Amino acid sequence: MIKDQLFGKDLNELQEVCLSIGLPKYAGRQLAEWLYKKEINAIDEMSNLSKKARELLNEKFDLGLSAPSKVQISIDGTKKYLFPTLHNRFIETAMIPEEERKTVCVSTQVGCKMGCLFCMTGKQGFQGQLTAGEIVNQIRSISEFRNISNIVYMGMGEPFDNLEAVLKSLDILTSEWGYAMSPRRITVSSIGIIPAMIRFLNESEAHLAISLHTPFDSERQKLMPVQIAYPIAEVVREIKSWDFGRQRRVSFEYILFKGLNDTPLHVRELSRLLSGIRCRINLIRFHAVPGTPLESPDEETVNNFREQLNAKDITTTVRASRGQDIYAACGLLSTKELISAKL
Amino acid sequence: MAKPEEYSRKEQNLQSVKVVSNLEISPGVFLISWKRSVVFIPGQVVKLAVDQLQPPRIYSICSGNNSDLTGVLFNIKEDGYLTPRLATAIEGDELLVSNPYGSFHFEDGPEYWIATGTGIAPFYSKLKSGFSGNKIVIHGARHFNQFYFKDEFERTLGANYIRCCSGGPSAGIYQGHVTQYLLEQNKFPKDYKYYLCGKSMMVVDVRDLLISKGISYNNIFSEIYF
């Protein structure tokens, strides 16, 4: 039987844990301190709890930390970590080092239900939701943990399809009783599930990134089936109705596919669609996925597209492709082979 | 924490309708209907809720666009909020429904309609709206009693209605998954459109399979239930 996990519980839950084993409610803060401020690896290390309390905790709970079972290192320094999950499945996490920062790209689901044509994760289908603990563990249990500057929820899975766990993980990362990180260092990326996006905007202060990829309905529908349920025009309309203030950022991810979404017509329509939003576009070169009839554009096309958007007053950057040689780059994370191996 | 009503503040466009019928057409699968008041295109979806406490969920319309009633097909998710409540709805109960929307539209030309489970809904809507010429329907299900509306599909499409049952052998039905059936087919016409509807794994697998057999992704249209 799998024991309940302490890591990944919020302050209220930790206070309930304390009450359940006869400790006073305020001891919940002590637990949070041990879990999220000090880097313990066992319940027995919670030295300001009585031996009896630690025994009771050990009886009912696991600490809930899980070390990566494999690490791959790219020639550009990007690392890809493989983590086992609670139900004997696997997820991948990327750590992207840059000159002045280290960004961790976390997964939120085992696989994904969204079925985007260009994504490796989508090709493995959906095998399960991650808990908040499993999401935060991807940050806590890597060797760069102390030097992480930014977190992006852009790994395997659709974060807004696992909203409760995602919100709870954000709470742990940003609360004073948790890791006390600034929400401005965290970006959650979604394909735009509107009801979940509204809740996220209400309940979190982290940045929002939306996977756009084409402004045209019929094109987006072929690339991203979610377009039928949540058309990008509606997603953008919703975003326009929110005040993001000066600190919070909304950005749009735009994977460039050769000859498909890289024309002047796309620039014009993007400009029209995003008019009135203070945002930026991140251009991403498509990373070829086996069996997908899409191709990556050349460097000149990417730069031209960026310049055309900048000329329309849309701040546009080209995201460097990192970790492509170890399949850690955008859209390439997948543990499909491990599912097949298990079956 | 935001209050529940804040979550649904953006769903002000939901209209109140009254349930006219709620039929359990197969164990755990219901066709719930209300009086049709707006025009829709077969393949479109509606947002559906029973109250303002939770955001609505999206369902494909599962009725003809000339019918008096508009309906959707759903199966009960035991741990869900909406479907257990929908399953107990009776005539006269209130539902909150959006206007139809979405672009999973069909054309008049030759088409494959490929579905699993309740993914048959948009294709049934099309069939009931009078479109059946040059259509080939492939429906996959685990059990024999999950081929919803089989009599109507069979009567209208004859040999162009193909059932794939993964749960066990039945006379006149292909035994195996939809993907297995498709894999065994040698030729897919390139001038057909391919419409896929169902859970993501089936849609992704079928889409990849069709592409590997030379069908342009421009001719493949997918709707995923998530």
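The values are calculated or read from the model by the stated rules, or taken from the named source; none is laboratory data. Note that the structure is a prediction, hence the values are computed from the model and not measured. Quick reminder, even Gly has a Cβ in these numbers, built from the backbone with ideal geometry, and neighbours come from all protein chains shown. Ligands, DNA and RNA are excluded from the accessible area calculation, which covers all protein heavy atoms including side chains. Shrake-Rupley method; radii C 1.70, N 1.55, O 1.52, S 1.80 Å.
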So for R0 = 60 Å, FRET eff. of A:Asn58-B:Phe144 from the Cβ-Cβ r, to 0.05, ends up at 0.75
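What net charge do the residues around A:Arg278 carry, taking every other residue with its C-beta under 11 Å from that of A:Arg278, with Lys and Arg at +1 and Asp and Glu at -1? Could the numbers behind the result be given before it?
On the way: positive: A:Lys240, A:Arg246, A:Arg248, A:Arg249, A:Arg280; negative: A:Asp243, A:Asp313.
Residues near A:Arg278 contribute +3 overall.
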With x for Gly and Pro, the residue-by-residue ³J(HN,Hα) of the range A:244-256, computed from phi through the Karplus equation 6.51 cos²θ - 1.76 cosθ + 1.60 at θ = phi - 60° and given in whole Hz, is 7, x, 8, 9, 7, 10, 10, 10, 10, 8, 9, 7, 8
Rounded to a whole number, the mean other protein chain Cβ count within 10 angstrom for residues of B:209-216 is 1
Under 5 Å from the placed amide H of B:Glu223, counting only residues 5+ away or on other chains, we find B:Leu196, B:Cys197, B:Gly198
Amide H neighbours of A:Gln127 at under 5 Å, excluding residues fewer than 5 places away on the same chain, with H built from the backbone geometry, are A:Val110, A:Gly111, A:Cys112
In the range A:191-213, accessible area falls by at least 50 Å² from chain alone to full assembly (1.4 Å probe) for A:Pro195, A:Ile198, A:Asn202, A:Glu203
Taking a straight Cα-to-Cα line shorter than 30 Å from A:Lys312, and setting aside same-chain lysines fewer than 8 residues away, one finds A:Lys222, A:Lys240, A:Lys258
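Find, among the GluC sites (Glu not before Pro) in the range A:6-90, those assigned to loop by DSSP (not H, G, I, E, B) with at most 13 other beta-carbon atoms within 10 angstrom. Intermediate results must be reported in sequence, preceding the final value.
Working: sites: A:Glu13, A:Glu16, A:Glu33, A:Glu39, A:Glu45, A:Glu55, A:Glu59; in loops: A:Glu39.
Passing both the DSSP loop test and the Cβ count: A:Glu39.
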Looking only at lysines whose Cα falls under 28 Å of A:Lys37's and that sit 8 or more positions away or on another chain, we get A:Lys3, A:Lys9, A:Lys25, A:Lys51, A:Lys52, A:Lys60, A:Lys70, A:Lys79, A:Lys80, A:Lys102, A:Lys168
Here the longest stretch of chain B that holds no GluC sites (Glu not before Pro) in a DSSP loop having at most 12 other beta carbon atoms within 10 Å is B:108-226
Averaged per residue, the 1.4 Å probe accessible area of chain B, protein heavy atoms only, in Å², is roughly 46
Taking Cα atoms, the helix A:264-273 axis meets the longest principal axis of chain A at an angle in degrees (rounded to 10) of 50
On complex formation of A with B, accessible surface lost, both sides summed, probe 1.4 Å, nearest 100 Å², amounts to 2700
To the nearest 20 debye, chain B has a Cα-centred charge dipole, built from +1 on Lys and Arg Cβ and -1 on Asp and Glu Cβ, of 300
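So, for chain A, what is the accessible surface per residue at a probe of 1.4 Å, expressed in square angstrom? Mind dumping the intermediate values first?
Numbers: 14330 Å² over 343 residues.
Heavy-atom SASA per residue in chain A reads 42 Å².
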Applied in sequence order to the range A:82-89, the curve 6.51 cos²θ - 1.76 cosθ + 1.60 (Karplus, θ = phi - 60°) yields integer Hz couplings, x standing for Gly and Pro, of 10, 10, x, 9, 4, 10, 6, 10
Here the cysteines of chain A without any disulfide-compatible Cβ partner under 4.7 Å are A:Cys18, A:Cys105, A:Cys112, A:Cys279, A:Cys330
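Do the alpha carbons of any pairs in B:Lys135/B:Lys187; B:Lys150/B:Lys190; A:Lys336/B:Lys193 sit beyond 18 Å of each other, and which pairs? Display every interim value, and only then the final one.
Working: B:Lys135/B:Lys187 16 Å; B:Lys150/B:Lys190 27 Å; A:Lys336/B:Lys193 29 Å.
Table pairs above 18 Å Cα-Cα are B:Lys150/B:Lys190; A:Lys336/B:Lys193.
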The set of residues whose placed amide H lies less than 5 Å from the amide H of B:Ser166, leaving out same-chain residues fewer than 5 positions away, is B:Ala141, B:Arg142, B:Gly176
For A:Lys312 and A:Glu176, extending 7 Å from Cα along the Cα-Cβ vector and measuring point to point gives, in nm, a value of 4.5
Candidate cut points under trypsin sites (Lys or Arg not before Pro) in the range A:1-81, DSSP loop plus at most 16 other Cβ atoms within 10 Å of their own Cβ, are A:Lys3, A:Lys25, A:Lys38
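Report in % the part of the accessible area of chain B that belongs to carbon and sulfur, leaving out ligands and nucleic acids; probe 1.4 Å. Don't jump to the answer; show the numbers that get you there.
On the way: 4990 of 10290 Å².
Carbon and sulfur together cover 49 percent of it.
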dims of chain B, Cα set, principal axes, largest to smallest, nearest Å -> 54, 38, 35
Between the Cα axis of helix A:299-311 and the main Cα principal axis of chain A, the angle (0 to 90°, nearest 10) is 90
Using a 1.4 Å probe on heavy atoms of the protein chains only, the accessible area for A:Ser211 in Å², nearest 10, reads 20
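Using only DSSP helix segments of four residues or longer, with each worth -39500 (n - 2.57), what per-residue ellipticity at 222 nm results for the protein assembly as shown after dividing by its residue count and rounding to 500?
Details: 19 runs with 157 residues, N = 569.
Per the formula, -7500 deg cm²/dmol.
Give me the percent relative contact order of the range B:87-226, please, defined on Cα pairs under 8 angstrom at least 6 residues apart. Show your work: numbers first, answer last.
Values: 208 pairs, mean separation 33.2, N = 140.
Over the range B:87-226, the number comes to 24 percent.
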Ordering B:Arg142, A:Arg249, B:Arg57 by the accessible surface of their heavy atoms, 1.4 Å probe, largest first, yields B:Arg142, B:Arg57, A:Arg249
In whole percent, the fraction of accessible protein surface over the range A:41-81 that belongs to carbon or sulfur atoms, probe radius 1.4 Å, stands at 50
